[in-house]
Amino acid sequence: MIILPAIDLKDGEVVRLKQGDFDKKTVYSKNPLKIAEKFAKEGAEWLHLVDLDGACAGESKNFNVIKKISERTELKIQTGGGIRKKEDVKRLLDLGVSRAIIGTLAVKNPELLSEMLKDFGADRILVSIDVRDGRVTTSGWKEESSLAMLDFALEMEELGVKYILYTDIGRDGMLSGPDFEGLKKLKAETNLQIIASGGISSEEDLYRLADLEFYGAITGQAIYQGKIDLEKVFSEMEDK
């Protein structure tokens, strides 16, 4: 299982939100590059990078920060927030970003997503399924759709999507543990490669996800609050 430490960008700073609420923001660093370099030094190979400004505005607002991290580290980056057209994906991939994260667009324009999958390949596209009370949300978690989580995941699989990121918004930033029930349902009902996000609170959560053979897990708040020792986790995962 790959472990992806998270950097959420707001106004060029590293922040964490609680349940996606911009009024519940904590700033952890004014230097995203330094944080990314620290993760790499601790053994990370991947980085989960979200442009929160872009997610709300519908266009990337932290492109220069993403560019700098891509150029100055060897981390494989998956990034999203404000991707609304093919040109946005191309621009990121041309930077050296490994995967573009598609969220709102996947819900509102699946035809365009299908074109992206054909143009860039399923390995370069990750669909983010952000769920509140069982329903998929969009636009930086501000709008709730009528789509049920599993129905949407099956629709994405049929479209040709290979990788999904599942986030239980109610757990995000709350350190309450991931939604194992929802995650196991997705794993049982689809053949998608699933990355778990939202609520991961401890090293034990990561080990359990690995034992359940999920493709990946994202952790942010627990790292910043010192509840997860990345270097230790990477070392122990290698020994398994």
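Considering only alpha-carbon pairs that sit under 8 angstrom and 6 or more positions apart, the relative contact order computed for the range 2-239 is 18 percent. Under 5 Å from the amide H of Asp8 lie the amide H atoms of Val15, Val50, each residue being 5 or more positions distant or on a separate chain, with H modelled from the backbone and absent for Pro and chain starts. Between the residues Pro178, Gly134, Tyr224, the greatest Cα displacement towards the positive end of the dipole of the range 2-239, with unit charges on the Cβ of Lys, Arg, Asp and Glu, is found for Tyr224. Size descriptors for the chain, from the alpha-carbon set: Rg then Dmax equal 16.2, 44 Å.
Charge tally for Leu150 (other residues, Cβ to Cβ under 9 Å; Lys, Arg +1; Asp, Glu -1): -1. Note on Lys85: aspartates and glutamates with a C-alpha under 14 Å away, same-chain residues under 8 apart excluded, are Glu59, Glu111, Glu115, Asp119. The sum of -39500 (n - 2.57) across all DSSP H runs of n ≥ 4, divided by the residue count of the chain, sets its helix-only mean residue ellipticity at 222 nm to -11000 deg cm²/dmol.
I need the shape label for the range 138-240. Rule: rounded when a/c is under 1.5, else prolate if a/b > b/c, else oblate, with a, b, c from the alpha carbon gyration tensor. Oblate. Among beta bridges from DSSP that stay inside the chain, the antiparallel ones total about 30%. Here the dipole of the chain is about 680 debye; that uses its Cα centre as origin and unit charges on the Cβ of Lys and Arg (positive) and Asp and Glu (negative). The loop-placed trypsin sites (Lys or Arg not before Pro) in the range 75-141, going by DSSP, include none that has at most 10 neighbouring Cβ atoms within 10 Å of its Cβ.
The alpha-carbon of Lys10 sits under 17 angstrom from the alpha-carbons of these lysines, leaving out residues fewer than 8 places away in its chain: Lys18, Lys24, Lys25, Lys30, Lys34, Lys61, Lys67, Lys68, Lys142.
Only the coordinates and a few stated rules stand behind these numbers; no lab work does. As the structure is a prediction and not an experimental result, all values here were calculated from the model. Cβ atoms come from the backbone with ideal geometry, glycine included; neighbour counts cover every protein chain shown.
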